[in-house]
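Written below as structure tokens is the structure these notes are about.
The values are calculated or read from the model by the stated rules, or taken from the named source; none is laboratory data. Remember, predicted model here, so these are calculated numbers, not experimental data. No Cβ is skipped: glycine too gets one built from the backbone with ideal geometry, and neighbour counts run over all protein chains shown. Protein only, heavy atoms only, side chains kept; ligands, DNA and RNA dropped before computing areas. Shrake-Rupley method; radii C 1.70, N 1.55, O 1.52, S 1.80 Å.
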Amino acid sequence: QVQLVESGGGLVQTGGSLRLSCAASGRTFSTGAMGWFRQAPGKEREFVAAISWSGSSTYYADSVKGRFTISRDNAKNTGYLKMDSLKPEDTAVYYCARGKYVVVVPRMYDYWGQGTQVTVSS
């Protein structure tokens, strides 16, 4: 069993930065991939980024590539999403999730956090 808790969301101006954290409990966190997803009001949950269990493999959605950086510290059971050059269209609830592989499909992730709100003002 893995429990995930996101933090670090908030209100930021266009061009600003935030770093989201995903704290995990349960010893299986470090053996799985971690993904970040987001969901804006009235829209489907969409993939943002994912990282393999070792951290050696990462994958990003085109919309965030070059602006967001995913990382993890297995010793701390924590994952991160550094978000730079934020845009109003990045406004959403951000979720971290744990899965087996670095994939973009939400249903392939078996554990989810409760989400943290990110709002980017124009």
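Do you know which residues across the stretch 70-83 are at negative phi and either in contact with a strand residue (DSSP E or B) (Cβ under 7 Å, 6 or more places away or on another chain) or in a helix (DSSP H, G or I) (or both)?
Within the stretch 70-83, I70, S71, R72, N74, A75, K76, T78, G79, Y80, L81, K82, M83 meet the criteria.
Residues in the stretch 40-54: is at least one open to solvent by 50 Å² or more (accessible area, probe 1.4 Å), in a strand (DSSP E or B) and either over 18 Å from V120 (Cβ atoms) or acidic (D, E) (or both)?
The first filter runs over the stretch 40-54 and keeps only residues open to solvent by 50 Å² or more (accessible area, probe 1.4 Å), leaving 41-46, 53-54.
Retained after the next criterion (residues that are in a strand (DSSP E or B)): 46.
Filter once more, so that each one left must be either over 18 Å from V120 (Cβ atoms) or acidic (D, E) (or both): 46.
The answer is yes, given that some residue of the stretch 40-54 is open to solvent by 50 Å² or more (accessible area, probe 1.4 Å), in a strand (DSSP E or B) and either over 18 Å from V120 (Cβ atoms) or acidic (D, E) (or both).
Take S57 and decide whether it is over 18 Å from Q3 (Cα atoms) and of a type outside the set (F, W, Y). I'd like the intermediate steps shown before the answer.
Numbers: over 18 Å from Q3 (Cα atoms): yes; of a type outside the set (F, W, Y): yes.
In short, yes.
Give all pairs with beta carbons closer than 8 Å in which a residue from the stretch 54-70 that is more than 18 Å from G15 (Cα to Cα) meets a residue that is open to solvent by less than 30 Å² (accessible area, probe 1.4 Å) and assigned to a loop (DSSP other than H, G, I, E, B); count only pairs at least 6 apart in sequence or on separate chains.
T58/S52
For residues that are among the acidic types (D, E) and over 21 Å from A24 (Cα atoms), scanning just the stretch 55-89, find the one that is surrounded by the most Cβ atoms within 10 Å (Cβ to Cβ).
Quick first cut of the stretch 55-89, residues among the acidic types (D, E) only: 62, 73, 84, 89.
Those still in the list that are over 21 Å from A24 (Cα atoms) too: 62, 84, 89.
On the way: D62: 6, D84: 14, E89: 11.
Looking at residues that are among the acidic types (D, E) and over 21 Å from A24 (Cα atoms), I get D84.
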